[in-house]
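Here, each number is a calculation from the coordinates, and none is a lab measurement. Remember, predicted model here, so these are calculated numbers, not experimental data. Here the Cβ positions follow ideal geometry from the backbone for every residue, glycine too, while neighbour counts run over all protein chains shown.
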Amino acid sequence: MRKSVDRFLRYLEVERNASALTIKSYREDLSGLCAFFEETAGACPAPGDVTAIDLRGYVASLAEHGYAKSTIARRMASLRSFYRFGQRDGWAKTNPARPLRNPRRSRSLPKFMSTDDLGRLLLAPPADQAAGLRDRAILETTYSAGLRVSEVVGLCDGDVDLDEQILRVRGKGRRERLSPLGSFAVTALRAWLKKRRLAGDATPNDRSPVFTNKFGKRLTTRSVGRMLEKYIKLTGLDRRTTPHTLRHSFATHLLDRGADIRSVQELLGHRSLVTTQIYTHVSTAGLREVYQRAHPRAG
């Protein structure tokens, strides 16, 4: 089993050009299957001997251990991909994961910030310190372009055109898109890049990371998360706020102000319009709340 998993991961890396994060997720999902068999049967069987009944037992075990429905659905998707590869590789005659049905997921509405709270957050980083200039540029850029945190830390100097006020963003599946930048983000980026160049030893090039730590290395997504936590505590804002909340706020604010959903889909880099449509529910909920509060006969 584990040898087949290793071949599958190499296939993802070499032939599918999958990102390191995608490969890490598949490895975790498939290692979980091996661990299940080792715990329940004492050994991990050959992958071609696994049946749909075996996999149903694994899925049931995940549910019993309290895994979220979204996590279970992702692991089932990983199993289907793994066995499709197995059919191609010759060690699986059928795909035992194919008959499995995904658990029904109730999609919770994304959390977003009001414009007032966002304003407080964006002004929180101190403008008289290098780290503060960097942090403000990160927050402004994330909200201005609606970026995922992985997209923010992945930005290189060659991706940023401040004169044209545009970014080249590498999204999920390594799909690229162009994202416009607002004037506040451009100003914040100019201030940070000027400070970074003055402090740096190496000469930046197109592949240099835009956002760096004190050692000049590219920031990680976890570093951005810790940075945001610091300013959330400082401003007293909702502690449940994450870097992704800024992306949710970007989409919600655009739709609230009349942007059409297909434009928002393009700006977010969503492959499917269905993914973007959840933000219309957020906007509708906001309109309903305003109606109930303001209309004299709303009940």
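Which value in nm describes the separation of the simple spin-label points at Glu39 and Asn205, placed 7 Å from the Cα toward the beta carbon?
Using points 7 Å along Cα→Cβ, the separation is 4.8 nm.
Could you give log10 I(q)/I(0) at q = 0.14 Å⁻¹ for segment 74-213, computed by the Debye formula over C-alpha point scatterers of equal weight, without solvent?
Computed log10 I(q)/I(0) values: -0.76.
Between 0 and 90 degrees, rounded to the nearest ten: what's the tilt of helix 243-256 against the longest Cα principal axis of the chain?
Approximately 70 degrees, to the nearest 10.
From the backbone phi of segment 83-99, what are the Karplus-calculated ³J(HN,Hα) couplings (6.51 cos²θ - 1.76 cosθ + 1.60, θ = phi - 60°) in whole Hz, Gly and Pro given as x?
Here the 3J(HN,Hα) series is 7, 4, 5, x, 5, 5, 7, x, 9, 10, 7, 10, 10, x, 7, 5, x Hz.
For Lys195, give me every one of the aspartates and glutamates with a C-alpha distance below 17 angstrom, ignoring sequence neighbours fewer than eight places off in its own chain.
Qualifying aspartates and glutamates at Cα under 17 Å: Asp128, Asp135, Glu140, Asp157.
Rounded to the nearest 500, what is the chain's calculated 222 nm mean residue ellipticity when only DSSP H runs of at least 4 contribute -39500 (n - 2.57) each, over all residues?
On the way: 12 runs with 173 residues, N = 299.
Taking each H run of at least 4 residues, the total per residue is -19000 deg cm²/dmol.
Mind computing the radius of gyration and Dmax over the alpha-carbon atoms of segment 2-89? Å is fine for both.
12.8, 36
Can you check how the C-alpha radius of gyration of segment 40-121 compares to 2.2 N^0.38 Å, as a plain ratio? Show your work: numbers first, answer last.
On the way: Rg = 18.6 Å, N = 82, 2.2 N^0.38 = 11.7 Å.
Its radius of gyration relative to the 2.2 N^0.38 Å reference: 1.58.
Over all alpha-carbon pairs of segment 115-293, lay out the pair-distance distribution in 5 Å bins, whole %, shortest bin first.
1, 8, 16, 21, 20, 16, 10, 5, 2, 1, 0, 0
Neighbouring Cβ atoms within 10 Å as the yardstick, rank Leu234, Leu267 fewest first. Can you show the working numbers first?
Details: Leu234 12, Leu267 21.
Ranking Leu234, Leu267 by Cβ neighbours within 10 Å, fewest first, gives Leu234, Leu267.
Against the longest principal axis of the chain, how steep is helix 20-40, in degrees 0 to 90 to the nearest 10, with axes from Cα atoms?
It works out to around 40 degrees.
Any idea what log10 I(q)/I(0) is at q = 0.10 Å⁻¹ for the chain, Debye with uniform C-alpha scatterers and no solvent?
Computed log10 I(q)/I(0) values: -0.71.
Order by neighbour count: Ile72, Ile23, Ile138, fewest other Cβ atoms within 10 Å first, most last. Working shown, then result.
Values: Ile72 19, Ile23 16, Ile138 29.
Lowest count first: Ile23, Ile72, Ile138.
Want the number for Arg197 to Ile166: 0.36 nm per residue separation, take away the alpha-carbon distance, what's left? Write out the running numbers ahead of the final one.
On the way: separation 31, 0.36 × 31 = 11.16 nm, distance 2.05 nm.
Roughly 9.1 nm would be gained on extension.
For the ranges 78-86, 187-195, what's the packing order if you count other beta-carbon atoms within 10 Å of each residue, average per peptide, and put the highest first? Can you show the working numbers first?
On the way: 78-86: 20.3, 187-195: 18.6.
Taking the mean over residues of other Cβ atoms within 10 Å, the ranking is 78-86, 187-195.
Among Glu140, Glu38, which comes first, second and so on when ranked by fewest other beta-carbon atoms within 10 Å? Please list the in-between numbers first.
Values: Glu140 23, Glu38 12.
In increasing order of surrounding Cβ atoms, one gets Glu38, Glu140.
What nm value, rounded to one decimal, do you get for the distance between Ile278 and Ile23 when each label is placed 7 Å out toward the C-beta?
Output for this residue pair reads 2.8 nm.
Given contacts defined as C-alpha pairs under 8 Å and at least six residues apart, what's the relative contact order of segment 2-89, whole-number percent? Could the numbers behind the result be given before it?
Values: 37 pairs, mean separation 27.7, N = 88.
For segment 2-89, the relative contact order is 31 percent.
Quick one: compute the contact order of segment 115-293, relative version, from alpha carbon pairs under 8 angstrom and 6+ residues apart, as a percent.
23 percent
So what's the angle, to the nearest 10 degrees on a 0 to 90 scale, between helix 221-235 and the longest Cα principal axis of the chain?
Around 50 degrees separate the two axes.
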